[in-house]
Amino acid sequence: MLIKIRPDQIEIPTASEITPREVYLARRSFMGRVAAGAALAGMGGFGAVASAFAQQGRKLPAKLNNAYAVMEKQTAYKDATTYNNYYEFGTDKADPAKNAGTLKTSPWMVTIEGEVKKPFTLDLDALTKLAPLEERIYRLRCVEGWSMVIPWVGYSLSALIKKAEPTGNAKYVEFVTLADSKQMPGLNDPILKWPYREGLRMDEANHPLALLTFGMYGEVLPNQNGAPVRIVLPWKYGFKSAKSIVAIRFLKEEPKTAWNLYAPQEYGFYSNVNPSVDHPRWSQATERRIGEDGFFAPKRKTLMFNGYNDVAGLYTGMDLRKFY
Amino acid sequence: MPLAPAAVRNLRPRAVTVVWWLMLLLAATPLLRLVSLGFTGGLGANPLEAITHGTGDWTLYLLCITLAVTPLRKLTGINWLVRMRRMLGLMAFLYMALHFTAFIWFDHFFDVAAIWKDIVKRPFITIGVIALVLSIPLAITSTNGMVRRLGGKRWALLHRLIYVIVPLGVLHYWWDKSGKNLIAQPLLFAVIVAVLLALRLLWRRRAAG
């Protein structure tokens with residue numbers, strides 16, 4: 001028997017429904033106590049830790065943009081914040097949640113430079129206020145074959161690009177992320193060429209889906225998810241979405257990107273989600289939705305551009321087997 | 001290396017049996033842990049991946065331990081260690097079989113065509129499956145009856161396949177990890193296995209010379 005569900009019968013849980021409020025509050029009060037204890041201990045360096053804790057979990061209100069909200073069950077907050085690839089804080093997926101407490105997200109400056117009319121630096125506050133924040137619910141597909149659904153808070157990167165006034169020479173955008181071994185224990189491993197860098201072609205960067213992101217689940221980004229500012233590119237594999245960005249550069253030439261530098265045959269510059277182009281060591285045809293697929297249901301089919309067909313026009317005439 | 005104390009070398013058979021059961025319990029502990037964490041939600045956001053990785057890791061650990069039995073026996077003079085070998089090898093095989101089950105279940109949901117395609121297309125999976133297939137005759141011929149039926153010499157010859165199986169297992173792991181530039185662990189396995197195999201070559205050459 002086939003069970004049919006009409007779209008209007010699908011219940012979309014809101015962020016606050018996923019992790020019970022008591023759990024949130026208990027966690028925050030615990031962190032508050034840790035921070036308070038540290039402050040009481042009167043040790044110089046701990047002041048910064050306390051303020052970092054104060055940042056974490058702060059509400060970041062934004063109106064849901066229905067045009068960019070997928071109608072799928074959202075990943076549990078706990079899963080999205082404890083299963084992360086952020087090698088600067090360790091290579092195990094549980095490491096970032098454990099180690100990223102040392103990341104100092106305030107003050108935070110982002111430099112806009114390269115092929116622009118006039119380079120400038122913005123602090124996080126000014127950057128956040130550049131355009132109205134909106135909530136968008138995007139699918140996230142990792143190159144490793146798993147996926148999540150996450151409510152992000154931010155605005156289209158195009159708003160910042162407009163403000164940056166790139167010159168006619170600007171053909172690419174590069175995102176440079178923080179690389180400070182004092183805050184990031186993983187930098188001692190030469191796994192990648194630090195700092196982690198990512199990039200886009202200008203037209204990709206200007207696509208409205210490209211989200212300059214400050215929060216998730218209605219709060220500022222947790223450190224392990226790329227606080228205080230990251231990029232989210234839902235039609236590309238997750239590693240393209242650089243975290244903890246400190247500079248955005250406009251360039252003439254295609255930038256060298258971290259994973260591409262390490263293994264160009266495995267991680268292309270474009271890295272669009274594409275079920276028909278396999279990674280050399282595993283298939284990209286299917287994916288495991290975290291919290292849903294596997295034990296009792298097969299993995300689900302991966303969609304071209306992760307289901308974001310809006311972007312197809314960016315790649316007309318390109319052989320996506322060659323430009324993977 | 002000095003021999004182990006006589007009291008250890010000359011352990012009474014009953015005490016050796018106790019050690020055997022303790023070792024079995026120890027070898028089964030990671031599996032029991034996976035099962036209990038699995039039921040209590042303790043395996044994190046991607047429990048299926050945790051099961052796949054956990055069973056794979058323990059296959060390699062137990063294969064290394066099994067390979068270490070003979071060198072350890074020769075170096076310490078504790079001859080009763082050989083009584084642990086079959087059990088350890090079979091436990092390694094159990095983890096290997098569970099690892100493969102995780103692959104065909106969690107990754108492919110028993111879709112035979114998809115499984116076959118994956119095995120043929122991806123070298124690191126091909127190698128893992130070859131290691132599993134080569135291990136099956138060793139598991140089947142592990143009983144006393146089979147040893148008798150084959151005859152000691154032929155049985156020993158067949159079981160030298162382990163010298164092929166373990167390096168294939170390490171290669172399988174290496175290949176998987178190298179994509180993320182995480183070769184420290186596979187490298188450690190490779191060194192351990194190389195030492196364990198080199199010791200055998202050394203002894204053989206010495207015996208021949």
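Every number in this text was worked out from the coordinates using simple rules, so none of it is lab data. Just so it is clear, the model here is predicted, and its values are computed rather than measured. A quick note on method: Cβ atoms are made from the backbone with ideal geometry, for glycine too, and the neighbour counts reach across all protein chains shown.
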Condition broken by residue A:85, with the remaining ones in (1) under 29 Å from residue A:202 (Cβ atoms); (2) more than 14 Å from chain B (Cβ to nearest Cβ); (3) of a type in the set (S, T, N, Q) satisfied: (2)
Failed condition for residue A:280, given (1) within 8 Å of chain B (Cβ to nearest Cβ); (2) within 22 Å of residue B:111 (Cβ to Cβ); (3) without any contact (Cβ under 8 Å) to a residue 12 or more places away in the chain: (3)
message: Out of the residues in region B:115-169 meeting the condition of being of a type in the set (Ser, Thr, Tyr) and surrounded by 13 or more Cβ atoms within 10 Å (Cβ to Cβ), tell me which one is nearest to the other protein chains (Cβ to nearest Cβ).
response: B:126
query: Of these, B:50, B:68, B:45, which one is of a type in the set (Gly, Ala, Ser), free of Cβ contacts under 8 Å to residues at least 40 places away in the same chain and in a helix (DSSP H, G or I)?
result: B:50
- request: Can you give me the ranges of the helices (runs of 4 or more DSSP H) entirely in region B:136-209 with at least 2 residues that are within 26 Å of residue A:90 (Cβ to Cβ) and either in contact with a Cys (Cβ under 9 Å, 6 or more places away or on another chain) or among the small types (Gly, Ala, Ser) (or both)?
  value: B:162-178, B:184-208
message: Testing residue A:292 on (1) of a type outside the set (A, V, I, L, M); (2) within 14 Å of another protein chain (Cβ to nearest Cβ); (3) without any contact (Cβ under 8 Å) to a residue 60 or more places away in the chain, one condition comes back false. Which one is that?
response: (3)
message: Against the conditions (1) within 22 Å of residue A:89 (Cα to Cα); (2) free of Cβ contacts under 8 Å to residues at least 24 places away in the same chain; (3) within 14 Å of another protein chain (Cβ to nearest Cβ), where does residue A:191 fall short? Just the number, please.
response: (2)
Scan of region B:58-104 for residues that are buried (at least 18 other Cβ atoms within 10 Å of the Cβ) and within 14 Å of chain A (Cβ to nearest Cβ), ordered by number: B:102, B:103
- prompt: Which is touching a Leu at 6+ places or on another chain (Cβ under 7 Å), surrounded by fewer than 17 Cβ atoms within 10 Å (Cβ to Cβ) and either touching a residue at least 40 places away in the same chain (Cβ under 8 Å) or away from chain A (no Cβ under 14 Å) (or both), of B:14, B:9, B:33?
  reply: B:9
